[in-house]
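What follows is one structure encoded as structure tokens, with my remarks underneath.
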Amino acid sequence: MIVFASALTFFFVNLAPGGPASIMRFDVSAEQREALIRLMGLDRPVPQRYLEWLAGALRGYLGTSLLTNEPVAARIGDRLPNTLTLAGSALLISVVLGIPIGVVQAMRRGRAIDHVLSLLTAVGLSVPVFWLGIILILVFAVSLHVLPSAGVTSVSSDTLGDRLAHLVLPAVALATTILPTVVRFTRSSMIEVLHEDYVRTATSKGLPPSTVMTRHALRNALIPVVSAVGALVPRLIGGTVVTEAVFGWPGMGRLALEAAQGRDYPLVTGLTVVVAAIAVLASLLVDLAYTRIDPRVRLA
Amino acid sequence: MLFQARSRLALGALALVGALLVSACTGAAQPSGSPVASAQAAPVAGGTVTIPIGADPTLNPWSPNAFVESLFINRAIFEGVTKPGKDLAPAPDLAESWTTAADGLSWTFKLRSGVKWSDGSPFSADDVAFTFNDVVLKPDLGAQNRASYAAVKSVTAVDPNTVRFDLSRKFAALPSFLAYNAGILPKHVLAANPLTTTSFNKGVPVSTGPFKVEKYTSGQSVSLVRNDNYFGPKAYLDKVVFTVVPDPNTQVAQALSGDISIMILDNKAAVDRVKTAPGLLVASRPLVQYYWLALNQTDPRFTDVRVRQAFVYAIDRQAIIKSVELGYGSIANSPITPALAAYYDPSLASKYPYDPQKAKDLLTAAGWKAGADGVMQKDGKPFQFTMDVGQRGVLEPVNALIQQDLKKVGVIADLNTMEWNSYIQKDVVRRDYSATVNWWTYPSDPDVFPYYHSSAAGKGFNIPGYQDPKLDDLLVQGQSASDLESRKAVYKQLQAYTSETLPYLFLWYPQEIDVISTSLKGVPELGLRDAMHYLGEWWLAKK
């Protein structure tokens, strides 16, 4: 599947209009352009270039970036940890906040608190990340001076506390891309489960409400939520493009934007392979999580 | 998705305006922003200056991947044979003085003695010869700006402190061109691989300027420290940090929060917000840049000079400057910008006032007649064409305004908005277009040969493909005239001639808006990228 994704990407980006940024400049003469096309090897047919790339990739070499002449794997490896930190934190925030909020809404269905939280999730769904990002910077960095505005670390100090402080705003901004969906899924799934016979049975058995909620209702309600969260991972990765640009976060999202705009063919392909691998891994993790929470699913 | 980028910029600007409220709540909004007129204090050493850049730079002035964000650092750390003076005329840098031969076919530069590279190795004329003979003049390497040196045959190190440029034709502007992104590379480091050595381009390059690179952190920052091997006076600042911040609105927010010492305000909509911020100054700076509308000369409708003149009368350029540049610019009627004060002819500024009636009269004189729907027609065909719009900077709103203005005189321009990279391929590489708006930025010299000469039509930088023997003659005369007075005379004629014939339709000369911390001193009144040549003179007042 990953090979298929790489082939598709390789051919599509090579067939897209335009070319590598070094030759698609106003101030490059025709003669320079031809010399650079030869230097980059782009005068050879696309299928031949793909096969060469694939042969390298199978041996673990993802090619050389056209924009910087660095190995593609090194450029991605440089940025991957930052994106995983950011996306992981956003995911954590979404799950840790989203599930309890959804549960509260389900339990207080139709009450004022449910309406207020529903309104907030609707707002959360409709606010664009870049706008929220700027607002967060203006409030917490410009006006209140409590958090840094951009980057992963300060230039002068690189401590864990400093890194965490830099992480807060982008992680919160990115979390808004999926948090409302997590809340909505939890709420509707919980409402459905609360009407199931086994919940009524458990309650009539005289079990305390907290036990009914956690052991019977929530555990079953989480099954669709977990698969929803797995499906949200690609959206989260997509959200990093904007978040990383706004917060000057040196991650893969920004790298992908630069690679696409600069038509860095090997880098775009390499990024696609890595993101495809992450998506595959995420769905694998979802399957594993099922075995933990769904009593009907057990690993053979 | 790229379309969103524009609205994102606009919305971000809206957020910044909204931020007025936020800062009003937290107080400390006292008026400032008036130029400091107090007595000049003596410079003091120390401190760190922070400057935002939009993307990772490539620290090699000749690399084809050194884009606009690279200029800041490359101009601060690498030195050229010359550099732009504070009046933009070429000034000494690695060379102390220069002369041209009597026949004008060679230039000899006397280099400073005792110059060292930042790694302690001695600098010599061999480095200059290497930079040109083995890098710029090597066609296979595709070095950036090599097209500017078409007249240079070879460069010879006469002795360690003397270097001679031999030319195939006269090239009076050579000292100006050598001041423009033409930093000299260290032969002892780059002999094997001058343009793609990663440890140099993306690491810690060896350079000769007052600062050197301390650390390059991809995607985050590049920090500079004093170069202790620098030949000149020691720089005042301890450190200069360039932070990579791609979003222009975030850059503004960082300036407001005091994280940034100086920056170019790309998003001019934020200028009022910045003006009211404490601790920040706003200054306008001259640029060697002009916007133009190119009408493809392979289209017979555009070869009639009356049609081109009619378009210029029809476009309300003052309104464009007001709404798009917030007044930071002036009307252009020739390629020579006001920043080149020695050459600029201000008498042409009022040549084409906004006059739709005159535009219609000229179109009528050129054989166009208004049809029943008000659209100009000739041989039963309406005057209609497509303008390609590249998504960058102010181009989209400008094209929309031009479209409206042309419509008022019965000319239909359909806008075709394109992602930048694809736009370059279609309009610049293939020249497959009817009309398009863009700009030129060029070395601080009136020699505009590459953009206007008929030999540059089709493949070179002559985008409209305008060919005119009289203009060619003026361009060659300008390159041949050796002294300032005769050059002035030629380029005065060239301005008058181009304003009449309109090879490109000249739109406006933009100005740059810089946001500067009030504690930062010693920055010359140049565009920020040019001011980087003087980074050694910048200093921070103690608070």
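The values are calculated or read from the model by the stated rules, or taken from the named source; none is laboratory data. These numbers were taken from a predicted model, which means no experiment stands behind them. Every residue, glycine among them, receives a Cβ derived from its backbone with ideal geometry; neighbour counts consider all protein chains shown.
Conditions (1) of a type in the set (Lys, Arg); (2) within 14 Å of chain A (Cβ to nearest Cβ); (3) within 22 Å of B:Val476 (Cβ to Cβ), marked per residue:
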| site | (1), (2), (3) |
| --- | --- |
| B:Thr100 | no, no, yes |
| B:Asp127 | no, no, no |
| B:Val135 | no, yes, no |
| B:Arg146 | yes, yes, yes |
| B:Tyr149 | no, yes, yes |
| B:Ala172 | no, no, yes |
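Can you find, within segment B:439-463, the residue that is farthest from B:Ala339 (Cα to Cα) among those that are away from chain A (no Cβ under 14 Å) and not in a helix (DSSP H, G or I)? My answer is B:Asp447.
Annotation note: Cβ proximity below 8 Å between a residue of segment B:419-437 that is farther than 23 Å from B:Thr303 by Cα and a residue that is part of a helix (DSSP H, G or I) (sequence gap 6+ or interchain) occurs for B:Glu419/A:Gln261; B:Glu419/B:Leu2; B:Trp420/A:Gln261; B:Asn421/A:Gln261.
Return the residues of segment B:465-496 that are in a loop (DSSP other than H, G, I, E, B) and either away from chain A (no Cβ under 14 Å) or hydrophobic (A, V, I, L, M, F, W, C) (or both); say none if nothing qualifies.
Once the filter is applied, which keeps residues that are in a loop (DSSP other than H, G, I, E, B) and either away from chain A (no Cβ under 14 Å) or hydrophobic (A, V, I, L, M, F, W, C) (or both), segment B:465-496 yields B:Tyr466, B:Gln467, B:Asp468, B:Ala481, B:Ser482, B:Asp483.
For segment B:261-278, the criterion of a residue being at pLDDT 95 or above, over 21 Å from the mean Cα position of the chain (by Cα) and outside any helix (DSSP H, G or I) is satisfied by at least one position.
Yes or no: A:Arg235 closer than 30 Å to B:Gly219 by Cβ, touching a Pro at 6+ places or on another chain (Cβ under 7 Å) and of a type outside the set (Ser, Thr, Tyr)? Answer is no for this residue. When we screen A:Leu58, A:Leu62, A:Leu92, A:Leu84 for residues that are over 30 Å from B:Gly458 (Cα atoms), away from chain B (no Cβ under 14 Å) and more than 24 Å from the chain's Cα centre (by Cα), the only hit is A:Leu58.
Inside segment A:194-300, counting only helices (runs of 4 or more DSSP H) that do not spill past its ends, which hold 2 or more residues that are modelled with pLDDT of 85 or more? Hits in segment A:194-300: A:219-246, A:252-261, A:265-293. Within segment A:40-66, count every residue that is outside any loop (DSSP other than H, G, I, E, B), surrounded by fewer than 17 Cβ atoms within 10 Å (Cβ to Cβ) and of a type in the set (D, E, K, R). Residues that pass the stated criteria total 1.
Residues checked against (1) farther than 30 Å from A:Gly248 by Cα; (2) within 14 Å of chain A (Cβ to nearest Cβ); (3) modelled with pLDDT under 95; (4) not in a strand (DSSP E or B):
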{"residue": "B:Val155", "(1), (2), (3), (4)": "yes, no, no, no"}
{"residue": "B:Ser176", "(1), (2), (3), (4)": "yes, no, no, yes"}
{"residue": "B:Val189", "(1), (2), (3), (4)": "yes, no, no, yes"}
{"residue": "B:Gly203", "(1), (2), (3), (4)": "no, yes, no, yes"}
{"residue": "B:Glu214", "(1), (2), (3), (4)": "no, yes, no, no"}
{"residue": "B:Val225", "(1), (2), (3), (4)": "no, yes, no, no"}
{"residue": "B:Tyr230", "(1), (2), (3), (4)": "yes, no, no, yes"}
{"residue": "B:Tyr236", "(1), (2), (3), (4)": "no, no, no, yes"}
{"residue": "B:Val241", "(1), (2), (3), (4)": "no, yes, no, no"}
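Please determine whether any residue of segment A:239-262 is more than 27 Å from A:Pro20 (Cβ to Cβ) and within 9 Å of another protein chain (Cβ to nearest Cβ). Yes - at least one qualifying residue is present in segment A:239-262. Is segment A:75-97 home to any residue that is buried (at least 22 other Cβ atoms within 10 Å of the Cβ), over 30 Å from A:Leu120 (Cβ atoms) and touching a strand residue (DSSP E or B) at 6+ places or on another chain (Cβ under 9 Å)? No: segment A:75-97 contains no residue that is buried (at least 22 other Cβ atoms within 10 Å of the Cβ), over 30 Å from A:Leu120 (Cβ atoms) and touching a strand residue (DSSP E or B) at 6+ places or on another chain (Cβ under 9 Å). Inside segment B:85-102, residues that are surrounded by fewer than 17 Cβ atoms within 10 Å (Cβ to Cβ) and β-branched (Val, Ile, Thr) make up a count of 1.
Selection within segment A:153-171: residues that are modelled with pLDDT under 90 and closer than 23 Å to B:Val252 by Cβ. The member of this set that is farthest from the chain's Cα centre (by Cα) is A:Ser156.
Within this structure, B:Val429 passes the test of being within 14 Å of chain A (Cβ to nearest Cβ) and out of contact with any Cys (no Cβ under 8 Å at 6 or more places or on another chain). Across segment B:228-254, the number of residues qualifying as over 17 Å from B:Pro52 (Cβ atoms) and surrounded by 23 or more Cβ atoms within 10 Å (Cβ to Cβ) comes to 1.
When segment A:11-24 is examined, which residues are found to be closer than 15 Å to A:Leu66 by Cα and either within 7 Å of chain B (Cβ to nearest Cβ) or modelled with pLDDT of 90 or more (or both)? Explain how you work it out, then say what you get.
Filtering segment A:11-24 down to residues closer than 15 Å to A:Leu66 by Cα leaves A:13-14, A:18-24.
Correct list: A:Gly18, A:Gly19, A:Pro20, A:Ala21, A:Ser22, A:Ile23, A:Met24.
Look at segment A:66-84: where a residue is touching a residue at least 40 places away in the same chain (Cβ under 8 Å) and a partner is in a helix (DSSP H, G or I) and polar (S, T, N, Q), sitting 6+ places away or on another chain with Cβ atoms under 6 Å, you get A:Thr83/A:Thr240.
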